Amino acid sequence: MAAGAKRDFVALEQRRREAARLLRKGLSQAEVARQVGAHRQSVSRWAAALEEQGLRGLRGAGRAGRKPRLNEAQLKTLVRLLKRGPEAAGFATGVWSLPRVAQLIERRFGVRFGTTRVWQLLRGLGFKPQRPTRRALERDEARIEQWKRKRWPQVKKTLSEKGG
C-alpha cells in the first residue's frame, strides 16, 4: 500500500472473514494466504484470533492514526467558505493566503492550525496554489486585439524582408 493512501477497513475485514471461512473448510494457512492475497504470518494471527475469540476476533481496530480535528461536515463548510472568497469572510482583499485560511478556521471552528497543516488540509481538499495573473489595470483588450490583427502583420512582414 502506498504511503499516505487511505485504507479500506471494510474490505480488509471482509478479507479476514473470507480467510476464516477458508480456514474452517480445512485449507492450510499457506493456501488461505495465497487465495486471499495476504502474508502467511497474517493468516496465522487470524487463525489464532479465530480460535480464541471467534469471528469477533477478526474485527478491525477501526481507524488508524490520530482523529481529525475537523470532521467531514466542517470540511464541507470550509470548502464552501473558501469558494465564497476572502471578502465574504471579512478580509479586505480577494486573495486567500495560508495565514488567512488558518484565521478563518480558528474563527469558524475554534481549531488552531499552523500554515503547514493548512497547506496539507487544502491539498487534501483538492485546492492548488494559484498565482494571480499580473496584468496592468489600464490594459485595453480591444486595442491589443486590434494591434495584433492590423499592426503585427505589418511588423512581421518588415522583419522577414530584413532577413530577421
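Coordinate-derived values only; no laboratory data. Quantities reported herein were computed from a predicted structural model and do not represent experimental measurements. Glycine also receives a Cβ, built like all others from the backbone with ideal geometry; neighbour counts cover every protein chain displayed.
Tell me, what is the FRET efficiency for Q74 and T116 to the nearest 0.05, using R0 = 22 angstrom and their Cβ-Cβ distance as r? That gives a FRET efficiency of 0.70. With point charges of +1 on the Cβ of Lys and Arg and -1 on the Cβ of Asp and Glu, referenced to the Cα centre of the chain, which listed residue (L22, A136, L78) lies farthest in the positive direction of the dipole? Selected residue: A136. Taken about its Cα centre, the range 75-124 carries a charge dipole of about 180 debye when Lys and Arg each add +1 at the Cβ and Asp and Glu each add -1 at the Cβ. What the Cβ-Cβ distance of L55 and R149 gives, at R0 = 45 Å and to the nearest 0.05, is a FRET efficiency of 0.05. Charge tally around G114: other residues with Cβ under 13 Å, Lys/Arg +1 each, Asp/Glu -1 each, net +2. What you get for the range 33-93, charging only the Cβ of Lys and Arg (+1) and of Asp and Glu (-1), is a dipole of about 100 debye around the Cα centre.
How many Lys pairs in the chain lie less than 18 angstrom apart by Cα atoms, where the lysines are 8 or more positions apart or on different chains? Lysine pair count for the chain: 6. For the chain, the longest piece that avoids every one of the chymotrypsin sites (Phe, Trp or Tyr not before Pro) found in DSSP loops with at most 15 other C-beta atoms within 10 Å covers 1-90.
A30 to A88: extension gain in nm, 0.36 nm per residue of separation minus the Cα-Cα distance?
Numbers: separation 58, 0.36 × 58 = 20.88 nm, distance 6.08 nm.
Roughly 14.8 nm would be gained on extension.
Calculated FRET efficiency, K67 to Q14, Cβ-Cβ distance, R0 = 25 Å: about 0.55 to the nearest 0.05.
Rounded, prolate or oblate: which one fits the range 75-124, using the alpha carbon gyration tensor with axes a ≥ b ≥ c (rounded when a/c is under 1.5, else prolate when a/b beats b/c, else oblate)? Rounded, since a/c falls under 1.5.
Overall shape: prolate for the range 6-113, with the ratio a/c of the largest to smallest alpha carbon gyration tensor axis at 1.5 or above and a/b above b/c. Relative to the Cα centre, the charge distribution of the chain, modelled as +1 at Lys and Arg Cβ and -1 at Asp and Glu Cβ, gives a dipole magnitude of about 440 debye.
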